[in-house]
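The values are calculated or read from the model by the stated rules, or taken from the named source; none is laboratory data. As the structure is a prediction and not an experimental result, all values here were calculated from the model. Here the Cβ positions follow ideal geometry from the backbone for every residue, glycine too, while neighbour counts run over all protein chains shown. Ligands, DNA and RNA are stripped out before the accessible areas are found, and what is left, the full protein with its side chains, is counted by its heavy atoms. Shrake-Rupley method; radii C 1.70, N 1.55, O 1.52, S 1.80 Å.
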Amino acid sequence: GAVVSQHPSWVICKSGTSVKIECRSLDFQATTMFWYRQFPKQSLMLMATSNEGSKATYEQGVEKDKFLINHASLTLSTLTVTSAHPEDSSFYICSVTGLAGFEQFFGPGTRLTVL
Amino acid sequence: GENVEQHPSTLSVQEGDSAVIKCTYSDSASNYFPWYKQELGKRPQLIIDIRSNVGEKKDQRIAVTLNKTAKHFSLHITETQPEDSAVYFCAASIGGAQKLVFGQGTRLTINP
């Protein structure tokens, strides 16, 4: 499967600040990446689909101006949480589709805590 | 939109026994159904998947069955071991797209 990394693995920030999370596909070029959010003891909720060279597609209810996604290259997608608030505290996970185009392989996740 | 229901939410079995987790989906156009295992604080790991043109798939102690008519699919784990303890998620593709919708998860506990 695909090898996916995320940075940072955890971050603590003050309310009102912005945080950038990086997702990298290490072993192949990924035209599509996905961003998920997972609250404690809950399931994964798809936030947006990140497409290299074009604008991200956001799921219903996800504020695109708050969660900025940039897929600048075939190996890197970034998620920026702008003006973070305590309710944004969550586990953010990216995924990459495999070569067959169906499987999704996940990064290790980034735990965001907003104070 | 697509909705995936997963049951049970918690499951406790004796080591060596079998465990079965069931999911139903709503979109008849869904054609890809993966199962993920997630340990606390870790990433979801793909353990098995099935495409809509197949009714059953097996990989050692793990198997998945799919009933397209009834729109449900199940995960079967045989000869369970303590290391099988984790949260398991089913998912279904949204139509023919790559996007996935996840079930609510099942916390599986294997009792030694």
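Of the residues making up segment B:65-90, those that are within 10 Å of residue B:47 (Cβ to Cβ) and either without any contact (Cβ under 8 Å) to a residue 60 or more places away in the chain or open to solvent by 40 Å² or more (accessible area, probe 1.4 Å) (or both) are B:75, B:77, B:86. Being in a loop (DSSP other than H, G, I, E, B) and open to solvent by 50 Å² or more (accessible area, probe 1.4 Å) is the filter; apply it to segment A:15-26 and report the residue that is farthest from residue A:67 (Cα to Cα). Out of the qualifying residues, it is A:26.
Based on what the data block shows, is residue A:12 farther than 22 Å from residue B:32 by Cβ, away from chain B (no Cβ under 11 Å), surrounded by 15 or more Cβ atoms within 10 Å (Cβ to Cβ) and among the aliphatic types (A, V, I, L, M)? Against the criterion (farther than 22 Å from residue B:32 by Cβ, away from chain B (no Cβ under 11 Å), surrounded by 15 or more Cβ atoms within 10 Å (Cβ to Cβ) and among the aliphatic types (A, V, I, L, M)), residue A:12 does not qualify. Does at least one position in segment A:50-71 carry a residue that is in contact (Cβ under 8 Å) with a residue 40 or more places away in the chain and within 11 Å of chain B (Cβ to nearest Cβ)? No: zero hits. Here residue B:62 qualifies as more than 11 Å from chain A (Cβ to nearest Cβ) and either closer than 22 Å to residue B:81 by Cβ or open to solvent by 80 Å² or more (accessible area, probe 1.4 Å) (or both). Filtered by the rule that a residue be modelled with pLDDT of 95 or more, in a strand (DSSP E or B) and surrounded by fewer than 23 Cβ atoms within 10 Å (Cβ to Cβ), segment A:82-109 gives A:90, A:91. Of the residues that sit in segment A:36-57 and are part of a strand (DSSP E or B) and farther than 12 Å from residue A:97 by Cα, which one is most open to solvent (accessible area, probe 1.4 Å)? My answer is A:45. Selection over segment B:1-35 of residues that are open to solvent by less than 20 Å² (accessible area, probe 1.4 Å), touching a Gly at 6+ places or on another chain (Cβ under 9 Å) and either within 12 Å of chain A (Cβ to nearest Cβ) or part of a loop (DSSP other than H, G, I, E, B) (or both) gives a count of 5.
When residue B:12 is tested against the conditions (1) free of Cβ contacts under 8 Å to residues at least 24 places away in the same chain; (2) over 24 Å from residue A:50 (Cα atoms), the lone failure is (1).
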